[in-house]
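**Student:** Quick one: the structure is below, questions incoming.
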Amino acid sequence: MSTQRILAAGAYVPADRLEAETVRRALGRFDAPGISQVAVPDPDEDTLTMAVEAGIRALETAPIDTETVERLAFATTTPPMDEEDPTPRLVSMLGLESGLETSVHTASTLAGCRALEAALDRSGTALVVASDVPRGAPDTAIEHAAGAGAVAFVCSDVGGHDETRVAGEGAQVLERSTVTSPYPGTRFRRRGEHDTTGLGITAYDRQAFTETVGEALGALAFDFESRPPDATAIQAPDGKRPYRAASAAGIDSASLEGCVTVHDVGDTGAASALLSLAVALENDAETIVLAGYGSGAVATAMVLENTGVTTSLDVGADDEPLRYEEALRRRGTLSSGEPDGGGAYVSIPTWRRSIPQRHRLEVGVCPDCSGLTFPPEGACDECDSLVTFTLEELSRTGTVEAVTTIEQGGAPPEFVDQQARGGAYRSAIVGFDGPGGETVSIPTQVIGALEIGDRVETRIRRLYDQEGVIRYGCKVARVPRS
Amino acid sequence: MTSAYVVGAGQTPFGAFPDASYRSLFRDAYEAALESADGDLSSSDVDEAVIGTLGVGGRQLGLSGPAVTEHVGLSGVPCSRIENACAAGGFAVRQAVQAVQSGMADLVVAGGFEVMTDMSGDLTKYWLGVSGETEWERLTGTTFAGVYAQMASAYMNRYDVDTEPFSRVAVKNHDNGAANPDAHLGFPCSLEDAEGGPAVADPLTLYHCCPTSDGAAVVLVASEAFLEGYDGPAVRVRGVGAASDTVGLADRDTYTGIPASERAANTAYEMADMTPDDVDFGEVHDCFAIAELLAYEDLGFCGRGEAPRLLEAGETDLDGSLPVNPSGGLKSKGHPIGATGTGQVVEVFKQLTGRAGERQVSNAATALTHNVGGSGGAAVVHLFERGAGV
């Protein structure tokens, strides 16, 4: 077995929740058993932006230097684009080295566990990120269960900069098994479609899940009766199936209760089992069983021994749950997309040149006067000299200098759909902290509420789509993080 | 250097005119300008034409100057188009003055036009949006309303004022516009209307924002030599100042002033050997109510932070010590982008030749116009005095 260990875990779940009771009142039914509420992302969030949130948390808490990360494995069943590798942008957004090796894992909810396996099977330091936001038709069990969230792990077998802390610590896989069994039709999405669906044959679906996961757990050379796990993290398409599968494998359901997330977050697809694993690690569970499942059907099970993993999990909920119509607006059900007019044209080559500024606030330092120029092109903003800048990154924190709330009628066409889905939004000028105590003022959109003088930090979000290409960049939210 | 004079100026009403084209609007304004010269001018006198337009709608982005001058029979006359966003018209006037002062022309047509109401509101916002900083500022989800609202928020924060001064701008300019038959929104509004209007970009309400309009305005700028043997009215251009600045607001050192306006004003005052105290009335760029407050301070009408007091005291009312925007301004008269700056000079010509009717400023001998492009990426200021034949 590999000496690879999980050293750190980060997680991010959007704070807004839609309660099961709200759906039941609106539709007269709620078809996701065992779920009390689900996480709902903002209109400008997707699996890539959530991956950044989880990844940043894992990297910040990990006892390693970011530049030592050699591999990135990204898992999701709902990538932002059907075809186009998201990892180059994820690498840039996370500030990782551009030469690292990346892989994308998708096609079923097992993708998260497969990404973790890929990291654990190779030597070196890797970042594993699973992020998902399943979607179904509004009147389906899949949609009622659908949540959103991302989880990330830093894995390494080479130690970190904090040798005393790293030595002997981490979570290591003791046993692992995989089982496949052909079960078509339980959960699938046709090419080009947004909604995941299934044939809805309850007994068949349940059997596919319970049998495959149960066999994977049973294949582990591990006696659950004599050595019951402290925590069991199982794929959770709803709030009942993980318990059924565990029970079938002879695992006490009590070991699920401390780390199961589906009740309050919903089905997080490829991130589901790993999100529970992250919670188990945060709870310092020593022996952890992990079981992932993907429709088709395929299941992977692992036993991990945990001697200490640093964690940074942001999975809490806002106090005020969403109304049903708010959730529908977020989903885009009540709006018709971008209106006529379109955006100011920024060509993709032009956009690409600005990516270091969009993702990481790269600024130019004038060799003549040391003044800072953003973006780092043209004459120096301070002394007007035409120079060749040296490049540095601004701090991702700053102070609000001016702010407005863009109400109905005030949004340019490319932001009308965002406004229709998320309501009025704020736009601000923020003085970002630069080297030498200088600040650089940059216009940016705002997540949530804030006022002049507030301290803020950046978040990567979708800005807008143009020519079918999603443009991502920094927005800001008030600190501390929620 | 020869002096330059405005010897004629005319405009169409500003508003929404689905039956008019940009060319027919320009023709109406051109004919009104010729008529204002009391019949002493004809197209054969014109040496040069400078036309301001943003090109909203993209209907004739190339050669949009000759497209309107040939329509009024000025084919063969050198013509160029000026594009400086909302300051296009003001810069067209400046270019005309320069042509006269250089000695290259004796009579220049400075025109402006825009058609903005024959498309959806979203398309209009597209065209307005591409006049601002498109790669960063706009991609935070702002149009000009949002950018000026950010300036308003900074102003309120710095000087600890509320939105009432913005609403006073709206009330004053609507009152003036109600007496202007060419005004797009020629009706009065109350302080309560303005304060309680629908929010567009907080803290700005609908009444704090100018409309988008159709319209054209033409100014005829002549040399001293031309005035020999000319018996019509003439208004002397005493001073011209212009400046540019960063297109994006965030790149500036201040959000509570428009540095380009201040520089342009100082240049114009110096050229005219005038001070703000010498100005009898002003037509200033009030695209959003906050812009008029900033203009008072940038143009030296009052000190920094004192604009709200000036408004509250009624100093800039039509019967105040320094009337501002007797035409109704952009807020009430309207804002057909390319025609706005030339339209301001039309108002000055009417006022200084005693033709402003109900909104006539008493005993006005001097005037100032102030035209801003975008949120301050360009600004131009002109100073005028009543001249020969008046």
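**Student:** Just to be sure I understand, how many residues within the stretch A:453-464 are within 12 Å of another protein chain (Cβ to nearest Cβ) and either surrounded by fewer than 17 Cβ atoms within 10 Å (Cβ to Cβ) or over 30 Å from A:Asp82 (Cβ atoms) (or both)?
**Tutor:** 2
**Student:** Still on this model: Kindly indicate which of A:Thr390, A:Thr373, A:Thr350, A:Thr405 is of a type in the set (Val, Ile, Thr), loosely packed, with under 14 Cβ neighbours inside 10 Å and within 12 Å of chain B (Cβ to nearest Cβ).
**Tutor:** A:Thr350
**Student:** Limited to the stretch B:76-114, what total is found for residues that are more than 20 Å from the chain's Cα centre (by Cα), of a type in the set (A, V, I, L, M, F, W, C) and in a helix (DSSP H, G or I)?
**Tutor:** Let us first name the residues in the stretch B:76-114 that are more than 20 Å from the chain's Cα centre (by Cα), namely B:76-79, B:99-107.
Filter once more, so that each one left must be of a type in the set (A, V, I, L, M, F, W, C): B:77, B:79, B:99-100, B:104-105, B:107.
Filter once more, keeping what is in a helix (DSSP H, G or I): B:99-100.
The number of residues fulfilling the criteria is 2.
**Student:** Taking the stretch A:184-208 as the region of interest, how many residues are under 16 Å from A:Thr77 (Cβ atoms) and in a loop (DSSP other than H, G, I, E, B)? I'd like the intermediate steps shown before the answer.
**Tutor:** Just the residues of the stretch A:184-208 that are under 16 Å from A:Thr77 (Cβ atoms), to begin with: A:186-198.
Cutting the leftovers down to in a loop (DSSP other than H, G, I, E, B) gives us A:186-187, A:189-196, A:198.
Adding up the residues that qualify gives 11.
**Student:** Output the residues belonging to the stretch B:44-85 that are surrounded by 15 or more Cβ atoms within 10 Å (Cβ to Cβ) and over 27 Å from B:Asp118 (Cβ atoms).
**Tutor:** Correct list: B:Asp45, B:Val46, B:Asp47, B:Glu48, B:Val77, B:Pro78.
**Student:** Is it the case that some residue within the stretch A:468-476 is over 18 Å from A:Arg329 (Cβ atoms), crowded, with 24+ Cβ neighbours inside 10 Å, free of Cβ contacts under 8 Å to residues at least 40 places away in the same chain and within 9 Å of another protein chain (Cβ to nearest Cβ)?
**Tutor:** Looking for residues that are over 18 Å from A:Arg329 (Cβ atoms), crowded, with 24+ Cβ neighbours inside 10 Å, free of Cβ contacts under 8 Å to residues at least 40 places away in the same chain and within 9 Å of another protein chain (Cβ to nearest Cβ), one finds none in the stretch A:468-476, hence no.
**Student:** Need at least 2 residues that are over 28 Å from A:Asp238 (Cα atoms) per element, so show me which helices (runs of 4 or more DSSP H) inside the stretch A:294-413 make the cut, counting only ones lying wholly within it.
**Tutor:** Numbers: elements: A:324-331, A:348-353, A:355-360.
Those helices (runs of 4 or more DSSP H) span A:348-353, A:355-360.
**Student:** Okay, next question. Condition first: surrounded by fewer than 24 Cβ atoms within 10 Å (Cβ to Cβ), in contact with a Ser or Thr (Cβ under 9 Å, 6 or more places away or on another chain) and among the polar types (S, T, N, Q). Can you find one or more residues in the stretch A:260-270 that meet it?
**Tutor:** Within the stretch A:260-270, the first condition is being surrounded by fewer than 24 Cβ atoms within 10 Å (Cβ to Cβ), and the residues that meet it are A:263-264.
This time we only want the ones that are in contact with a Ser or Thr (Cβ under 9 Å, 6 or more places away or on another chain), so: A:263-264.
Filter once more, keeping what is among the polar types (S, T, N, Q): none.
Taking every residue of the stretch A:260-270 in turn, none turns out to be surrounded by fewer than 24 Cβ atoms within 10 Å (Cβ to Cβ), in contact with a Ser or Thr (Cβ under 9 Å, 6 or more places away or on another chain) and among the polar types (S, T, N, Q).
**Student:** Looking only at the stretch B:298-313, which residues are crowded, with 24+ Cβ neighbours inside 10 Å and either out of contact with any helix residue (DSSP H, G or I) (no Cβ under 7 Å at 6 or more places or on another chain) or among the small types (Gly, Ala, Ser) (or both)?
**Tutor:** Selection gives B:Ala307 alone.
**Student:** Within the stretch A:436-452, does at least one residue satisfy the condition of being within 8 Å of chain B (Cβ to nearest Cβ) and in a loop (DSSP other than H, G, I, E, B)? If you could, list the steps in order and put the result at the bottom.
**Tutor:** Restricting attention to the stretch A:436-452, the residues satisfying the condition of being within 8 Å of chain B (Cβ to nearest Cβ) are A:441-445, A:452.
Next, from what is left, pick out any that are in a loop (DSSP other than H, G, I, E, B): A:452.
Yes.
**Student:** A further question follows. Does any residue in the stretch A:408-429 that is more than 8 Å from chain B (Cβ to nearest Cβ) and farther than 22 Å from B:Tyr155 by Cβ come within less than 8 Å, Cβ to Cβ, of a residue that is of a type in the set (Lys, Arg) and assigned to a helix (DSSP H, G or I) six or more places away or on a different chain, and which pairs are these?
**Tutor:** From the stretch A:408-429, the pairs are A:Ala420/A:Arg329; A:Arg421/A:Arg329; A:Arg421/A:Arg330; A:Arg421/A:Arg331; A:Gly422/A:Arg329; A:Gly422/A:Arg330; A:Gly423/A:Arg329.
**Student:** State whether the residues of the stretch B:115-136 include one that is assigned to a loop (DSSP other than H, G, I, E, B), under 30 Å from A:Thr404 (Cβ atoms) and aromatic (Phe, Trp, Tyr). Spell out the reasoning first.
**Tutor:** Taking the stretch B:115-136 and keeping what is assigned to a loop (DSSP other than H, G, I, E, B), we get B:115-120, B:130-136.
Imposing the further condition that a residue be under 30 Å from A:Thr404 (Cβ atoms) reduces the set to B:115-120, B:130-136.
From the residues that got through so far, the ones that are aromatic (Phe, Trp, Tyr) too are B:136.
Among the residues of the stretch B:115-136, at least one is assigned to a loop (DSSP other than H, G, I, E, B), under 30 Å from A:Thr404 (Cβ atoms) and aromatic (Phe, Trp, Tyr), which makes the answer yes.
Conditions (1) out of contact with any Phe, Trp or Tyr (no Cβ under 7 Å at 6 or more places or on another chain); (2) of a type in the set (A, V, I, L, M, F, W, C); (3) within 14 Å of another protein chain (Cβ to nearest Cβ), marked per residue:
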site: B:Asp245; (1), (2), (3): yes, no, yes
site: B:Glu262; (1), (2), (3): yes, no, no
site: B:Glu270; (1), (2), (3): yes, no, no
site: B:Asp278; (1), (2), (3): yes, no, no
site: B:Asp286; (1), (2), (3): yes, no, no
site: B:Ala295; (1), (2), (3): yes, yes, no
site: B:Cys302; (1), (2), (3): no, yes, no
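**Student:** Right, next: For residues that are of a type in the set (A, V, I, L, M, F, W, C) and free of Cβ contacts under 8 Å to residues at least 40 places away in the same chain, scanning just the stretch B:17-70, find the one that is farthest from B:Trp127 (Cα to Cα). Let's see the steps before the verdict.
**Tutor:** First pass over the stretch B:17-70, keeping only residues of a type in the set (A, V, I, L, M, F, W, C): B:17, B:20, B:25-26, B:29, B:32-34, B:37, B:41, B:46, B:49-51, B:54, B:56, B:61, B:63, B:67-68.
This time we only want the ones that are free of Cβ contacts under 8 Å to residues at least 40 places away in the same chain, so: B:61, B:63.
Details: B:Leu61: 12, B:Leu63: 18 Å.
Here the answer is B:Leu63.
**Student:** Also, quick follow-up: In the stretch A:41-75, what residues are within 23 Å of A:Pro14 (Cβ to Cβ), in a helix (DSSP H, G or I) and of a type in the set (D, E, K, R)?
**Tutor:** A:Glu53, A:Arg57, A:Glu60
**Student:** If we scan the stretch B:284-297, do we find a residue that is surrounded by fewer than 24 Cβ atoms within 10 Å (Cβ to Cβ), touching a residue at least 60 places away in the same chain (Cβ under 8 Å), among the acidic types (Asp, Glu) and not in a loop (DSSP other than H, G, I, E, B)?
**Tutor:** No: zero hits.
**Student:** Here's something else I'd like to know. Check B:Ala199, B:Ala222, B:Ala145 and return the single one that is farther than 20 Å from B:Leu294 by Cβ and within 14 Å of another protein chain (Cβ to nearest Cβ). Talk me through it step by step, then tell me what you get.
**Tutor:** Details: B:Ala222 fails: within 14 Å of another protein chain (Cβ to nearest Cβ); B:Ala145 fails: farther than 20 Å from B:Leu294 by Cβ.
Only one candidate qualifies: B:Ala199.
**Student:** Among the residues of the stretch B:167-183, which ones are assigned to a helix (DSSP H, G or I) and either within 13 Å of chain A (Cβ to nearest Cβ) or not hydrophobic (A, V, I, L, M, F, W, C) (or both)? I'd like the intermediate steps shown before the answer.
**Tutor:** Residues of the stretch B:167-183 assigned to a helix (DSSP H, G or I): B:167-177.
The answer is B:Ser167, B:Arg168, B:Lys172, B:Asn173, B:His174, B:Asp175, B:Asn176, B:Gly177.
**Student:** Look through A:Gly149, A:Gly168, A:Gly159, A:Gly112 and report the one residue that is modelled with pLDDT under 95 and touching a helix residue (DSSP H, G or I) at 6+ places or on another chain (Cβ under 6 Å). Give the derivation first.
**Tutor:** Working: A:Gly149 fails: modelled with pLDDT under 95; A:Gly168 fails: touching a helix residue (DSSP H, G or I) at 6+ places or on another chain (Cβ under 6 Å); A:Gly112 fails: modelled with pLDDT under 95.
When all the criteria are applied, what remains is A:Gly159.
**Student:** Scan the stretch B:152-161 for residues that are at the interface with chain A (Cβ under 7 Å from one of its Cβ atoms) and of a type in the set (A, V, I, L, M, F, W, C) and report the count.
**Tutor:** Start the filter on the stretch B:152-161 by keeping residues that are at the interface with chain A (Cβ under 7 Å from one of its Cβ atoms), which leaves B:153-154, B:157.
Still in the list and also of a type in the set (A, V, I, L, M, F, W, C): B:154.
Qualifying residue count for the region: 1.
**Student:** Looking at B:Asp118, B:Asp106, which is the one that is farther than 19 Å from A:Gln408 by Cα, within 14 Å of another protein chain (Cβ to nearest Cβ) and either of a type in the set (D, E, K, R) or surrounded by fewer than 24 Cβ atoms within 10 Å (Cβ to Cβ) (or both)?
**Tutor:** On the way: B:Asp106 fails: within 14 Å of another protein chain (Cβ to nearest Cβ).
Step by step, each of B:Asp118, B:Asp106 is checked, and only B:Asp118 is farther than 19 Å from A:Gln408 by Cα, within 14 Å of another protein chain (Cβ to nearest Cβ) and either of a type in the set (D, E, K, R) or surrounded by fewer than 24 Cβ atoms within 10 Å (Cβ to Cβ) (or both).
**Student:** Okay, next question. Considering only the stretch B:139-164, state which residues are surrounded by fewer than 24 Cβ atoms within 10 Å (Cβ to Cβ) and assigned to a helix (DSSP H, G or I). Write out each step before concluding.
**Tutor:** Taking the stretch B:139-164 and keeping what is surrounded by fewer than 24 Cβ atoms within 10 Å (Cβ to Cβ), we get B:154, B:156-164.
Within the stretch B:139-164, B:Ala154, B:Met156, B:Asn157, B:Arg158, B:Tyr159, B:Glu164 meet the criteria.
**Student:** Select the helices (runs of 4 or more DSSP H) contained entirely in the stretch B:184-272, then report the ones holding at least 2 residues which are surrounded by fewer than 22 Cβ atoms within 10 Å (Cβ to Cβ) and among the aliphatic types (A, V, I, L, M). Lay out the reasoning, then the answer.
**Tutor:** On the way: elements: B:191-196, B:224-227, B:259-272.
Where helices (runs of 4 or more DSSP H) fall fully within the stretch B:184-272 and carry at least 2 residues being surrounded by fewer than 22 Cβ atoms within 10 Å (Cβ to Cβ) and among the aliphatic types (A, V, I, L, M), they are B:224-227.
**Student:** I've got another one for you. Where residues in the stretch B:298-350 are part of a loop (DSSP other than H, G, I, E, B) and of a type in the set (Lys, Arg), which of them is nearest to B:Asp214 (Cα to Cα)?
**Tutor:** Applying the first criterion (part of a loop (DSSP other than H, G, I, E, B)) to the stretch B:298-350 yields B:299-306, B:313-323, B:325-328, B:333-336.
With of a type in the set (Lys, Arg) added as a condition, the list becomes B:304, B:333.
Working: B:Arg304: 34, B:Lys333: 11 Å.
For the stretch B:298-350, the residue satisfying everything is B:Lys333.
**Student:** Tell me, please, whether a residue that is out of contact with any Lys or Arg (no Cβ under 6 Å at 6 or more places or on another chain) and assigned to a helix (DSSP H, G or I) can be found in the stretch A:233-242. Explain how you work it out, then say what you get.
**Tutor:** Keep residues of the stretch A:233-242 that are out of contact with any Lys or Arg (no Cβ under 6 Å at 6 or more places or on another chain), which gives A:233-242.
If we keep only those that are assigned to a helix (DSSP H, G or I) too, we end up with A:241-242.
Scanning the stretch A:233-242, I find at least one residue that is out of contact with any Lys or Arg (no Cβ under 6 Å at 6 or more places or on another chain) and assigned to a helix (DSSP H, G or I), so the answer is yes.
The values are calculated or read from the model by the stated rules, or taken from the named source; none is laboratory data. The structure displayed is predicted, hence computed values, not measured ones. Reconstructed Cβ throughout: ideal geometry from the backbone, glycine too, with neighbour counts over all protein chains shown.
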